[in-house]
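Enquirer: Structure incoming, see below.
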Amino acid sequence: MLKGKTILLGVTGGIAAYKAAALASALVKQRANVEVVMTAHATQFITPLTFEQLTGRRCMVDAFDRNFAHQVEHIALADRTDLVIVAPATANVCAKLAHGLADDMLATTILACTCPKLIAPAMNTKMFENPVTQDNLDILRRYGWEVIAPASGRLACGAVGAGKLPEPEVLLQHILRQTALPHDLAGKRVLVTAGPTQEALDPVRYLTNHSTGKMGYALGKMAMLRGAEVVLISGPSSVAPPPFVEVVDVVSAQDMYEAVAARQEWADFIFKAAAVADYTPERYEDDKIKKKDGGLSIPLRRTQDILKHLGEHRRPGQVLCGFSMETRDMIENSRAKLEKKNVDMICANNLKVAGAGFGVDTNVMTIITRAGVRELPLLTKEEAASRIIDAALELM
C-alpha cells in the first residue's frame, strides 16, 4: 500500500529505539522508501548500520550533509518525504519539535517538511504525564501533528503506567491511515454491516449461515483508509476488526436491524454486506430442546427486512448499497432487488463461481445500478471493496 511513498522515520534516544527497527522493516515490506534520521543519542541504543541493512539506504545523523553540489540534504529529504513519523520520541525531542528548535539533522529536516507528521512519545510515566510534556504535545497537535498515544504497561525503568512505545504493527496502521490512499472520503460517514446473524432456538442451538464477515470488514477498512469516519455493525465473526473503525457487535437479525436503524440518518454511505437471516424461530425455548424419536419441525417467522427499511426511510443524498449472493439468475434477481428495495446499487456474486464463495479472501463481484451492469474480475476482497467504493462515489 505504500509503494512509491517516502517515509521519514525519526529515531530518538530511548530504550524503545529497538522497536523502530521492526517498524522500518514493516515499512519496507509495504514497499515504502524508508529514510531513517537518528539523533546522536539514539545511536547509543541502536546503530545506524542496523537501519541501513533493513532499508538499503544510508541512515543520517549529522546536522548537514552535502551529497551533491549546492544541495543541502535536509531540504532535499524534506521535499521528497510523504510522511514523517518520530518513533520513539523522547520528552526532549517533543519539546524541541513543539517550539521549532532545529539543532540537529532530525529537527532541521522536520522543520522543513510540509507533509503529514506523526509522533509517538515514549518515556517514563511521570515524564509523560508532566504538564510541560502534555502542553508540548498539545502544541504539536495544534500545528497539525497526530500524537499516537503510548501504550501502558511495565516500562524499562521499572515503573508501570503509560509511556510504552506501541508495537510496530500499531504504528504501521497509523501510517497507512495517513498516507496509503487518497482521502477522497474525508468528511464522509460510512456505515457498513458485515458477517452472519445467529437466531437462537434454545440456550444451546441457533440458526446461522456461512458468512465470515470478510467482505464487510474489507469495506470498512478501505473506507477508513480513504478518510471516512466508519461504523461497522458486525454479527459474530472471527475476523480481526479494522483499526480506527467503530465496531458495533450484534448477534441476531433484530439486533442488527435496531443498530442500523439507530444510525441510518448519520450515514452518507451505507454498505449492507451482512448476511442477515431471513427467518428466525417463532419461539425461543428457555431450556435445551431434548432429542426425541422421529422428526422435528421448527416454526419460523420473517425477520425485519433491513435493506427495504433503509430504502423506505433514506434521506436525500444518501447512497445505499445492498449485496446479493445467488446460485442462479444472479443479474435478474439482483435487478429486481435494486428496484424493490429502492437502493442505488447491488453488489452481486454467484456462490457457484470459483473464488466468490464464503470464507475465501477473493471475490468475483458484479455491480448493478440503474445505469447498467459492471462485471469485476477475480479480486482480493480489499481490491473489490475499493472498486465498490469507487462506484458508490460516482453515484454521489
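The values are calculated or read from the model by the stated rules, or taken from the named source; none is laboratory data. The structure displayed is predicted, hence computed values, not measured ones. All Cβ positions, glycine included, derive from the backbone under ideal geometry; neighbour counts span all protein chains shown. Surface accessibility is based on the protein's heavy atoms, side chains included, excluding ligands, DNA and RNA. Shrake-Rupley method; radii C 1.70, N 1.55, O 1.52, S 1.80 Å.
Enquirer: Yes or no: segment 65-76 includes at least one residue that is at pLDDT 95 or above, open to solvent by less than 60 Å² (accessible area, probe 1.4 Å) and assigned to a helix (DSSP H, G or I). Lay out the reasoning, then the answer.
Expert: Pass one, segment 65-76, residues at pLDDT 95 or above: none.
Scanning segment 65-76 turns up no residue that is at pLDDT 95 or above, open to solvent by less than 60 Å² (accessible area, probe 1.4 Å) and assigned to a helix (DSSP H, G or I).
Enquirer: Looking at ALA149, ALA156, can you tell me which residue is open to solvent by 40 Å² or more (accessible area, probe 1.4 Å), out of contact with any Ser or Thr (no Cβ under 6 Å at 6 or more places or on another chain), part of a loop (DSSP other than H, G, I, E, B) and touching a residue at least 40 places away in the same chain (Cβ under 8 Å)?
Expert: Values: ALA149 fails: touching a residue at least 40 places away in the same chain (Cβ under 8 Å).
Being open to solvent by 40 Å² or more (accessible area, probe 1.4 Å), out of contact with any Ser or Thr (no Cβ under 6 Å at 6 or more places or on another chain), part of a loop (DSSP other than H, G, I, E, B) and touching a residue at least 40 places away in the same chain (Cβ under 8 Å) holds for just one of ALA149, ALA156, which is ALA156.
Enquirer: Mind listing just one residue for me: the one in segment 87-101 that is under 30 Å from the mean Cα position of the chain (by Cα) and of a type outside the set (S, T, N, Q) and, of those, farthest from ALA20 (Cα to Cα)? Break it down into steps so the answer makes sense when it comes.
Expert: If we filter segment 87-101 for residues that are under 30 Å from the mean Cα position of the chain (by Cα), which is where we start, we get 87-91, 93-94, 97-98.
So of that shortlist, the ones also of a type outside the set (S, T, N, Q) come out as 87-89, 91, 93-94, 97-98.
Working: ALA87: 6, PRO88: 7, ALA89: 11, ALA91: 17, VAL93: 16, CYS94: 17, LEU97: 19, ALA98: 22 Å.
Filtering first and then ranking leaves ALA98.
Enquirer: So, one more: Can you spot a residue in segment 215-224 that is within 20 Å of ASP305 (Cα to Cα) and either without any contact (Cβ under 8 Å) to a residue 24 or more places away in the chain or open to solvent by less than 10 Å² (accessible area, probe 1.4 Å) (or both)?
Expert: The answer is yes, given that some residue of segment 215-224 is within 20 Å of ASP305 (Cα to Cα) and either without any contact (Cβ under 8 Å) to a residue 24 or more places away in the chain or open to solvent by less than 10 Å² (accessible area, probe 1.4 Å) (or both).
Enquirer: Suppose we keep only residues that are assigned to a helix (DSSP H, G or I), over 14 Å from ALA76 (Cβ atoms) and out of contact with any Leu (no Cβ under 8 Å at 6 or more places or on another chain) within segment 96-110. Which one would you say is least open to solvent (accessible area, probe 1.4 Å)?
Expert: Here the answer is LEU106.
Enquirer: Could you pull out every one of the strands (runs of 3 or more DSSP E) wholly within segment 328-396 that has 3 or more residues that are open to solvent by 80 Å² or more (accessible area, probe 1.4 Å) and in contact with a strand residue (DSSP E or B) (Cβ under 6 Å, 6 or more places away or on another chain)?
Expert: On the way: elements: 345-350, 366-369, 372-375.
By residue number, no strands (runs of 3 or more DSSP E) qualify.
Yes or no, residue by residue, for (1) free of Cβ contacts under 8 Å to residues at least 40 places away in the same chain; (2) among the hydrophobic types (A, V, I, L, M, F, W, C):
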| residue | (1), (2) |
| --- | --- |
| PRO243 | no, no |
| ASP249 | yes, no |
| MET256 | no, yes |
| VAL260 | no, yes |
| ARG263 | no, no |
| LYS272 | no, no |
| VAL276 | no, yes |
| ASP286 | no, no |
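Enquirer: Then there's this: Considering THR193, THR208, THR197, which residue is over 13 Å from the mean Cα position of the chain (by Cα), farther than 30 Å from LEU8 by Cβ and open to solvent by 20 Å² or more (accessible area, probe 1.4 Å)? Break it down stepwise before answering.
Expert: Numbers: THR193 fails: open to solvent by 20 Å² or more (accessible area, probe 1.4 Å); THR197 fails: open to solvent by 20 Å² or more (accessible area, probe 1.4 Å).
When all the criteria are applied, what remains is THR208.
Enquirer: Another one. Out of the residues in segment 129-146 that are under 22 Å from LEU172 (Cα atoms), in a helix (DSSP H, G or I) and out of contact with any Phe, Trp or Tyr (no Cβ under 9 Å at 6 or more places or on another chain), state the one that is most open to solvent (accessible area, probe 1.4 Å).
Expert: If we take residues in segment 129-146 being under 22 Å from LEU172 (Cα atoms), in a helix (DSSP H, G or I) and out of contact with any Phe, Trp or Tyr (no Cβ under 9 Å at 6 or more places or on another chain), then ARG141 is most open to solvent (accessible area, probe 1.4 Å).
Enquirer: Tell me, yes or no, whether segment 282-304 has at least one residue that is acidic (Asp, Glu), open to solvent by 40 Å² or more (accessible area, probe 1.4 Å) and under 20 Å from GLY216 (Cβ atoms).
Expert: Kept after step one, since they are acidic (Asp, Glu), are these residues of segment 282-304: 282, 285-287, 293.
After this cut, where a residue has to be open to solvent by 40 Å² or more (accessible area, probe 1.4 Å) as well, the list is 282, 285-287, 293.
Right, trim to under 20 Å from GLY216 (Cβ atoms) and you get none.
No, segment 282-304 contains no residue that is acidic (Asp, Glu), open to solvent by 40 Å² or more (accessible area, probe 1.4 Å) and under 20 Å from GLY216 (Cβ atoms).
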